[in-house]
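The values are calculated or read from the model by the stated rules, or taken from the named source; none is laboratory data. From a predicted model like this one, the values you see are computed outputs, not experimental measurements. Every residue, glycine among them, receives a Cβ derived from its backbone with ideal geometry; neighbour counts consider all protein chains shown. Side chains included, ligands, DNA and RNA excluded: accessible areas come from the protein's heavy atoms. Shrake-Rupley method; radii C 1.70, N 1.55, O 1.52, S 1.80 Å.
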Amino acid sequence: MAEQSGFAGLTQAEADRRAQEGLGNVQVETTAKTVGQIVRENLLTYFNLIFLVLAVLLIIAGDFRSLTFLPVIIFNAIIGIVQELHAKKVLDQVAVLSQPTATVLRDGAEVRLPIERLVQGDLILLEAGAQVPADGTLIRGELSLNESLLTGEADEVHKGPGSNVMSGSFVVSGRAFVRLDRVGSESYISKLMLQAKTMDSGEVSEMVRSINFFVKLAGVAIIPVGIALFVQGFFINKSGFQPSITSMVGALIGMIPEGLYFLVSLTLAAGAARLAGRQVLLHDMKSIEQLARVDVFCVDKTGTITENEMRVADILLPSQSGSALSGTALSQKDPEAAEEDNLRWAAQEQERLLVRGILKDYVDALPDNNATMQALRAYLDPVREKKKECRGLMTKMPFSSAKKYSSVTFTDGTYALGAPDVLLGEKMEAYEALLKEPEERGMRVIAFGRMTQGNFEPVCFPVLENPIRKNAKDTFGYFAKQGVVVKVISGDNPVTVSSIAARAGIGGAERFVDARTLQTETDYAEAVRRYTVFGRVTPDQKRHLVHALQMQGHTVAMTGDGVNDILAMKDADCSIAMASGADAAVQAAQVALLDSDFSHMPQIVGEGRRIINNITRSATLFLVKNIFSLSLAIFAIVSSIVYPILPAQMSLISGFGIGLPAFFLAMEPNDKMVRGNFLRTVLHKAVPAALTEILSIGALILFGRVFSIDSAEVSVAATLLLAVISMMILARISAPLNKYRGIVLGVNFVLCMISAIGLDWWFAISAIHKEAILLLVLFTIASEPVYRYLNLLTGLIVRLVERRQHGKRKKVSD
C-alpha cells in the first residue's frame, strides 16, 4: 500500500526486511580505525620487525645487556595502543553527534534518520542545504542541485519530476520527494570513493609526508649499512661474532626513528581527542597542520559573526520618509506636525497589513527554507487575511545565490524577493535614503515587489537583523594579536556587512567593496590586498577570492554554514563548518563545530599550533640521532673501526636525550604561528646539531686511537660526550627556555646522570682513566662554539634561500 500510494513511504517492517537483505545505505567511506587496526598499526610495523630480528641476533650472540632498547619499544607500543583507543572512544562518541541524517517517510510519517538507516525504495524529502544521500528519482517537487563535488562544474542543475538525482550533489534550493533507487556501495558517490581508494591511499599533510620520507629513507638505509658493518667487523677486522653483532645493532638502533612515528601518531590522536572534548570534529588529520599555518580567515557574516537565527525587525514601505524605521518613534515636533505624523503612520500601518497578506502568499508558495524565509514565515505566521482563498499559484523560481533573488507568478502577476540593488537597478538611487539607516546599523534590507516585463516596482522592504555573537569581539581580537587577517565574505549588502564587522571588532572593517565590480583575476588580486569586507559575493566569487589569497602565498581557512559556501570551502586550505548549517556544508568541511560556536576557533588554532610546533621540535631531536648514527656508521665503515657506541649506551642517549624530553615537550601549549616548510625547518635545526655530534665524536675517536686509549674507554667517553651535546641541543631547540622547558631539561639531565652512575652495568658505563677524561672535557668545551657557528652558518644559508624564493614569488604575484 505504501509503495502504491507513492507518498506514504515504506513501512518500518518493510524497511527492516530490506536492510536484512543487504539493501541498506551502508556507507563505504570511513576514516575511523577499528580496534584491530590500532593494535596492528602499533605492533606489526617494519621497524618492530627489524627490532625483533636485532633482538634475536643479540640473544644468539649472548649479549643480553644490549637488549636495553626492548623495554622502550614495548612501552611505546603499549602507550600508543592505550592512547589511540582512548582517542577513538572520544571521537566515536562525538562522531555520532555529527552523523548525517535525512528526512524519510516511514509508515506515512516524516522522521529524521541517520542516512545509514535508509534503504532502497525509501521516499526522502530533500530541501535547501541537504546533501543527497543516495541515487534516486525525483517523484514530486522541483530542485536546483549543485553537482560540483561530482562533476567539478559549479552551475546549478534543475531537476523536475522523473529526473535522476545523484548522491553527493547538494540542494541549492527547492523542495522535493525523491525515491532511493541505488544505495550503499551501488550509489554513484560510493563508486567514486572506491575508485579513489584504489588510486590513492589518501592525501596527507606536508608534515606527515616529510616524516614518511625520513622513515622510508631510514628503512632503506639500515639494511645495507647493517650488512656492511657486520662484514667489516666479522670478516675484515676479525672481531668475532658477538662484538660484530653488538657493533651493528648499536649503529642500527640509532638509525631507526622508533619514537618519531609513535610520537606523531600519539600527539595527533591526543589533539583530536582534546578538540572532540570541545565539540570540534576533525574529518581529516591534515586539517590540524593547515589550521596551525592559517594566516587568513575568510568568514561569512551569518552564523559566524552573527547568530544563525534571523528575525524581521520591521517592514519599510516605499511611501515612508527615508531616515527612521516606522513606529520606532513619533515626531517630536509641534502638535500640528505631530498629528500629521500620526495620520501618516496610521495610513502606513493599514498599507503594511495589506502588504503582509501579499508577502505571506509569496513565502507560502516557495519551498525555500533558508534563514531569510524562516524569519519571514515566523513574522508572517499570525497574519490571517479576511479572504478565504490565497492567490492562484502558477510558477515559482526558488532563491538563487547567483541571481540574488527568487520569484513567484500568481494569477494576478509576478512577484520577486531579493537584494534591493539587484532588483531595483537604476531605481536604487530613489530609495537609498530609506534604506541607508538600517543598513548602516548592520541590518539587512531585502526588497519585495511586482515584476512587470522586467520592470520591478517595490511593494515593501523587509528589514532583518542578526544579533552579533556574544564573544565575537574576543575571538577576532585573538586573531588580530596572532597576526591572522580576517576577511568577511558575504552575499549581503557591503555597507551592512561592514557595519556588522566593525561592531564585531574586525580590524579594517571600513574597507569594503561590492564584489559585482570584480571581473578579472587582477581585480580579485588587488581587492584581497586592499579590502577586508566583500559584499554581494556569489558562490563562485568566494572561490575566486580564496584562490587570489592563495596565489599571494597565504594559507587560507574558510568558514561557512550554507551551500553557497561549499565551493570556496572545498578549495580553501582548511574548511570549517557550523553544524547548525546545511548538512552538505558540514559533510564537505574538514572541521565541524558541533555546537556551532565560532568562539572555539582560538582553541582550535592553538591546538593545531601546539601539535605542529611540538612535533617539529621533537622531530628535530629524532632526526639529529638518525643523521648522527648514519654518519658515524659510514665513518666506521670507511675507517675500518668498530662502531664505538654500544646498543645499551645508545638507549641511554635515546631515552633521556631524545625520547622522554620529546614526549613532555609535545604536551606543552604552544600557540606560535607555524611558518615555513616543515622539512626545511627540521633540517635547519637538525643538520648543525648532527654535524656537531659527528665532528666531536669522530675527533674523540681519532684522538683516542692516537693516544692508544682502550676502545671500551673511548666508547664510554663518546657516550658521555654525546649525552652532554644532546642536552646542549635540547636546550637550544627548546629556546627560549621557560619554567616548564627548564624543568624538562633539568630533570632529564639529572636522570641521565643518575642512570649513568647508578645503572652503569645496564647502560655499559664503566670507569675511565684521566686520558679519556681529558679528551671528554676538551671536546665538551669545543663542541659549544662548533655548534654555535654551524647554526649561524646554516641560518645564513636558509635566509639567502628564503630571500631568493621570496623574490621569485613576488615576480609571479606581480
In degrees rounded to 10, the 0-90 angle between helix 206-231 Cα long axis and the longest Cα principal axis of the chain is 20 degrees
Computed over the chain, protein heavy atoms only, probe 1.4 angstrom, the accessible area per residue in square angstrom equals 45 Å²
Could you state the orientation-averaged shadow area of the convex hull built on the Cα atoms of region 746-790, in nm² to one decimal?
-> 4.2 nm²
XL table LYS436/LYS542; LYS88/LYS625; LYS570/LYS625; LYS33/LYS570; Cα-Cα > 28 Å flagged, in table order, is LYS88/LYS625; LYS570/LYS625
What do you get when you divide the Cα radius of gyration of region 390-499 by 2.2 N^0.38 Å, with N the number of residues?
-> 1.34
Take the Cα radius of gyration of region 442-522 and divide it by 2.2 N^0.38 Å, with N its residue count; two decimals is plenty.
-> 1.41
Helix 188-199 vs. the chain, principal-axis angle (Cα, 0 to 90°, nearest 10) = 20 degrees
Provide, for q = 0.16, 0.24 Å⁻¹, the log10 of I(q)/I(0) from a solvent-free Debye sum over equal Cα point scatterers in region 273-321.
-> -0.73, -1.08
Per-bin percent of Cα-Cα distances, region 233-280 [10 Å] = 23, 23, 18, 15, 12, 8, 1
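Of all the accessible heavy-atom surface of the chain, with the other protein chains kept in place and a 1.4 Å probe, what percent is carbon and sulfur?
59 percent
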Dipole of the chain [Lys/Arg +1, Asp/Glu -1 at C-beta], most positive-end residue of THR45, ILE305, LEU549 | THR45
To the nearest 20 debye, what is the magnitude of the charge dipole of the chain about its Cα centre, counting +1 on the Cβ of each Lys and Arg and -1 on the Cβ of each Asp and Glu?
-> 2480 debye
Could you work out how far helix 335-365 tilts from the main Cα principal axis of the chain, as a 0 to 90 degree angle to the nearest 10?
-> 70 degrees
Mind scanning LYS301/LYS396; LYS404/LYS470; LYS473/LYS672 and naming the pairs with a C-alpha gap bigger than 25 Å?
-> LYS301/LYS396; LYS404/LYS470
DSSP beta bridges in the chain: the antiparallel percent, rounded to 5, is 75 percent
Taking Rh as the Kirkwood radius computed over alpha-carbon pairs of the chain and applying Stokes-Einstein at 20 °C with viscosity 1.002 mPa s, one gets a diffusion coefficient in µm² s⁻¹ of 69 µm²/s
Counting Lys and Arg as +1 and Asp and Glu as -1 over every other residue whose Cβ sits under 14 Å from the Cβ of GLU127, the net charge comes to +1
Can you give me the three principal axis dimensions of region 655-778 from its C-alpha atoms, in Å, biggest first?
-> 52, 31, 20
Helix-only mean residue ellipticity at 222 nm for the chain, each DSSP H run of n ≥ 4 adding -39500 (n - 2.57), per residue, nearest 500 = -17500 deg cm²/dmol
Please work out, to two decimal places, the log10 of the ratio I(q)/I(0) at q = 0.15 Å⁻¹ from a Debye calculation in which every Cα of region 538-660 carries one identical scatterer.
-> -0.76
Using the Cα atoms as the points, what is the convex hull volume per residue of region 615-669 in Å³?
-> 55 Å³
Within region 6-83, GluC sites (Glu not before Pro) in DSSP loop having at most 15 other beta-carbon neighbours inside 10 Å | GLU21, GLU29
